[in-house]
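Quick notes on the structure that follows.
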Amino acid sequence: MSFDEEFSLVMEGSNENTLEGIKGLIKNYKKRHEQLLVEQKELSASTEVRQKLAKDFKQRTDKLNKSLKKDQLSHEEQIAKEKIKLEQMKQEEAELMKELQRMEAELKEEKATSNNLKQQTDVFSAVPERKVVFTGLTGKPSETPTFEMEPHVVYPMEGGTALITFEEAVVAKKILDMAKHQVDLGGECNITVETRPVQLMVPKVVEINSQVCPQRILISNLPEMDRESLLDKLEIHFSKTRHGGGEVEGREMLSDSGHVVLTFKENNIAKGLTDTESHEVKLLSKKSDKVRVTPFINGKISNLKTDMCVCRRTVLVTGIPAVMETETLQDMLEIHFQKSSHGGGEIEAILYNPLGQNTSALFKGAEE
């Protein structure tokens, strides 16, 4: 019950105008005052407790804030360290990737070199055997023969032109210096022609990569016999599966060596035959002949450099009209350019191509 209620109860039975009523009021006010003092004391105690709790809370809050700031700084430092470490790891990863790519490139190059060496080994082992006898003669390394390639150049000729090769280069130069020539055809008939130098595109550097053909074999150590009969017997023998062969798609005899090349339809036949190398084949009689089977080598040009070469002894005659028969006109040209009075000289070869026709001249080797 509140003080107001107690006070009101007391006041119901009293009169403020009487002494007893006044005493009652004073008594009630005292009780109320005492109660207020108790409440004030309790409130003061509660306030002190709350102030102490607030102070402790503030101290704890400050301590937690300091700890939080410290942890935040430590966390930021840790993040910075981790970022540096991450950058270092990325850099190391990039370096490792470069190293890996370099190693892969080296490995690829090594594999290519290994394959090339293997092909070279196969090529060297595939060369047919030839008997060699040492005669006791030796020479300097610089005197050893080198590989030479004689070019065969096809030169297309237009109609109304002729190619004339002189025995001496100096004669060809005189004819070219004169440029225009008046050729007497007889009977007060003459023609005017022009001479030009002949330029040929010839190989300067040729590099060839050789590799073993998977479908062909080279057969050597063959006896001398009829060509067609030899090819037939070889095809019959190597087309049989019991001899390790298969279906033969083509056959050819190399005229320069007398060796035979067989081409199989499938790729896996040639390898098995060349692994055995020595084969017994019935060719001349019932007795078997021992032949050698080696891989056939294919050549592929890997590097080709050409150069323009001016023929020193050959000139091109242009502007020749078709005024008479081909052979007669060619003879008249040869007679004209052979005379020293016209600046000419001895002719080694002449080729005339009349108007309306196309032909090609073949140049073998280099002119001296």
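The values are calculated or read from the model by the stated rules, or taken from the named source; none is laboratory data. None of these values were measured; they are calculated from a predicted model. Note: ideal-geometry Cβ built from the backbone for every residue, glycine included; neighbour counts use all protein chains shown.
Residue 70 - would you say it is farther than 27 Å from residue 210 by Cβ, more than 40 Å from the chain's Cα centre (by Cα) and in a helix (DSSP H, G or I)?
Yes, satisfied.
Based on this model, can you work out whether residue 228 counts as charged (D, E, K, R) and assigned by TED's automatic domain parsing to the domain that holds residue 338?
no
Can you name the residue in the range 301-328 that is touching a residue at least 60 places away in the same chain (Cβ under 8 Å) and within 14 Å of residue 189 (Cβ to Cβ) and is also surrounded by the most Cβ atoms within 10 Å (Cβ to Cβ) among such residues?
320
Specify the residue that is surrounded by the most Cβ atoms within 10 Å (Cβ to Cβ); the eligible residues are those in the range 258-277 that are of a type in the set (Gly, Ala, Ser) and over 15 Å from residue 231 (Cβ atoms).
Taking the candidates together, the pick is 270.
Collect the residues in the range 173-191 that are exposed (fewer than 11 other Cβ atoms within 10 Å of the Cβ) and either polar (S, T, N, Q) or modelled with pLDDT of 95 or more (or both), keeping them in residue-number order.
The answer is 182, and nothing else.
Does the range 278-296 contain at least one residue that is over 30 Å from the mean Cα position of the chain (by Cα), over 21 Å from residue 225 (Cβ atoms) and of a type outside the set (Val, Ile, Thr)?
For the range 278-296, residues over 30 Å from the mean Cα position of the chain (by Cα), over 21 Å from residue 225 (Cβ atoms) and of a type outside the set (Val, Ile, Thr): absent.
Answer yes or no: is there a residue in the range 330-344 that is surrounded by 11 or more Cβ atoms within 10 Å (Cβ to Cβ) and within 40 Å of the chain's Cα centre (by Cα).
Scanning the range 330-344, I find no residue that is surrounded by 11 or more Cβ atoms within 10 Å (Cβ to Cβ) and within 40 Å of the chain's Cα centre (by Cα), so the answer is no.
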